[in-house]
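The values are calculated or read from the model by the stated rules, or taken from the named source; none is laboratory data. Just so we're clear, the structure is a prediction, and the values are computed from it rather than from any experiment. With ideal geometry, Cβ positions are generated from the backbone for all residues, glycine too; neighbour counts draw on all protein chains shown. Keep in mind that these areas ignore ligands, DNA and RNA; they rest on the heavy atoms of the full protein, side chains included. Shrake-Rupley method; radii C 1.70, N 1.55, O 1.52, S 1.80 Å.
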Amino acid sequence: MEEILKNEDEEYILRTIELAKGAAAQDEVPVGALIVHRGEVIAEAANTRETSKCATHHAEILAIEEACRRLGGWRLPDCTLYVSLEPCPMCAGAIVNARIDRVVYAAPDVRAGAFGSKVNLNDLDLNHKPDITRGVCCEESRSVLSAYFRAKRKKKSE
């Protein structure tokens, strides 16, 4: 799949990073996601696993759920998902199942990324393959993640 940077990609990724900062302030892993449908933001979310005590409450899953409600169906054609961290296998599977056309992410996730860093769901013979754009505002996103985990380690060592 082609990596085509569009004019609005940076603006939307910067918004996901703001959502991630909000998650960090709630002591959640700082990941933010939003979904754009035909030029309109229809869903925004951040991780809430700690707050909700639910393993599936990743930013991408929550944004997909909101977008499905807004569009009135489980398929999300003509949508782009923006996320501050590369989706994990669970989220990548949901993206494929929702038929999201395009995914743009900031930072790679070398431990659990499912669109190229650890594994690549697009390499599998699945019924849908979203276009992937990687590394938009990568350093900004990494900085938020690093600061969060640095603070967690410091707190743990005290």
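If you bin all the Cα-Cα distances of the chain at 10 Å, starting from zero, the percentages per bin are 12, 44, 35, 8, 1. If I take every Cα pair under 8 Å that is 6 or more residues apart in the range 69-154, average their sequence separation and divide by the length, what percent do I get for the relative contact order? For the range 69-154, the relative contact order is 28 percent. With θ taken as phi - 60° and the Karplus curve 6.51 cos²θ - 1.76 cosθ + 1.60 applied, the whole-hertz 3J(HN,Hα) list for the range 80-86 is 10, 9, 10, 8, 6, 9, 3 Hz, x standing for glycine and proline. Taking other residues whose beta carbon is less than 9 angstrom from the beta carbon of Ala45, and scoring Lys, Arg as +1 and Asp, Glu as -1, yields -4. Rank Ala63, Ala25, Ala106 by mean-square fluctuation in a GNM of the chain with C-alpha springs under 10 angstrom and give only the top-ranked residue. Taking springs between Cα atoms under 10 Å, the residue moving most is Ala25.
Ligands, DNA and RNA left out, the 1.4 Å accessible surface of the chain is 50% carbon and sulfur atoms.
When peptides 113-126, 80-93 are ranked by their average number of other Cβ atoms within 10 Å per residue, the highest-first order is 80-93, 113-126. Per residue, the solvent-accessible area of the range 19-158 (1.4 Å probe, heavy atoms of protein chains only, all protein chains present) comes to 50 Å². Axis angle, to the nearest 10 degrees, between helix 9-25 and the longest C-alpha principal axis of the chain: 40 degrees. The order of the peptides 133-141, 69-77, 42-50 by mean Cβ neighbours within 10 Å, most packed first, is 42-50, 133-141, 69-77.
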